[in-house]
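Written below as structure tokens is the structure these notes are about.
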Amino acid sequence: MSNFSAKKAASLNADFKTGLVESEFWLGNNKAVTEYFSAKEASSLNTDDLYLAILFNVVNFNWQPAADLMQEYVTRSDRSFYGVLYGAHAFKMLNKIDIAQQITQTGLESLNIKPWQQQMLNFANEEITSDELIAASENSCNLSEAYFIQGLSDVKAEKMTDFQQKMQAVVSLNIYPFYEYAGAKQIVKRLKRDTAKN
């Protein structure tokens, strides 16, 4: 849905505001996304909105807000593997490794983990290397997700040059429907803007 169409739909029916905020995220309109979520309690958000709020905060390095949202997210029966994986990373960035492991275990309980997702989880848990994760990928979609989670690990390791390269790799793959693409595109744009200022 285009941003124009999303705005029109949301003006006619509040149920379509989820589509609008997702459109704003894809466009990198942080102000609109922030305003939307700041006016709502986590418990009032549907699960898709909750995932978007977590990813939005992760993309913008707002680790504590992302972590706070996870307490609600893991209670949702329709939560996703990716919401748990990326949200748990926020706890790692806050040096709360035990909580990250606990929230991952709780969040993934009863979820059907696909073989590729298990590889991503293995990497996040430092059970396989970056090279092994890339080797396990079977297509560009896998690669996009691999570079994204590797990039988050680079941030934790304070390897910002590697992080930027990983995010650029996600963008270059052009997997437009993926949240990772939208998030990486925002990050690359922000890093370029920060570099220009310096």
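The values are calculated or read from the model by the stated rules, or taken from the named source; none is laboratory data. The shown structure was predicted, so the numbers you read here are calculated from the model rather than taken from an experiment. Don't worry about glycine lacking a Cβ; one is built from the backbone with ideal geometry, like all the others, and counts go over all protein chains shown. The accessibility values were calculated without ligands, DNA or RNA, using every heavy atom of the protein model including side chains. Shrake-Rupley method; radii C 1.70, N 1.55, O 1.52, S 1.80 Å.
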(request) For Asp131, indicate whether it is modelled with pLDDT of 95 or more, of a type in the set (Asp, Glu), open to solvent by 40 Å² or more (accessible area, probe 1.4 Å) and under 18 Å from Val170 (Cα atoms). (result) yes
(request) Take the residues in the stretch 35-47 that are assigned to a helix (DSSP H, G or I) and open to solvent by less than 70 Å² (accessible area, probe 1.4 Å), then tell me which one is modelled with the lowest pLDDT. (result) Tyr36
(message) Suppose the filter is surrounded by fewer than 12 Cβ atoms within 10 Å (Cβ to Cβ) and either out of contact with any strand residue (DSSP E or B) (no Cβ under 7 Å at 6 or more places or on another chain) or of a type in the set (Phe, Trp, Tyr) (or both); does Asp98 pass it?
(response) yes
(request) Determine, yes or no, whether Phe56 is within 11 Å of the chain's Cα centre (by Cα), within 19 Å of Gly151 (Cα to Cα), surrounded by fewer than 18 Cβ atoms within 10 Å (Cβ to Cβ) and hydrophobic (A, V, I, L, M, F, W, C). (result) no
(message) Just to verify a result, which residue in the stretch 144-164, among those that are within 17 Å of Asn60 (Cβ to Cβ) and in contact with a Lys or Arg (Cβ under 8 Å, 6 or more places away or on another chain), is most open to solvent (accessible area, probe 1.4 Å)?
(response) Lys156
(message) Of everything in the stretch 18-34, what is surrounded by fewer than 17 Cβ atoms within 10 Å (Cβ to Cβ) and either at pLDDT 95 or above or among the charged types (D, E, K, R) (or both)? Give them in sequence order.
(response) Lys31
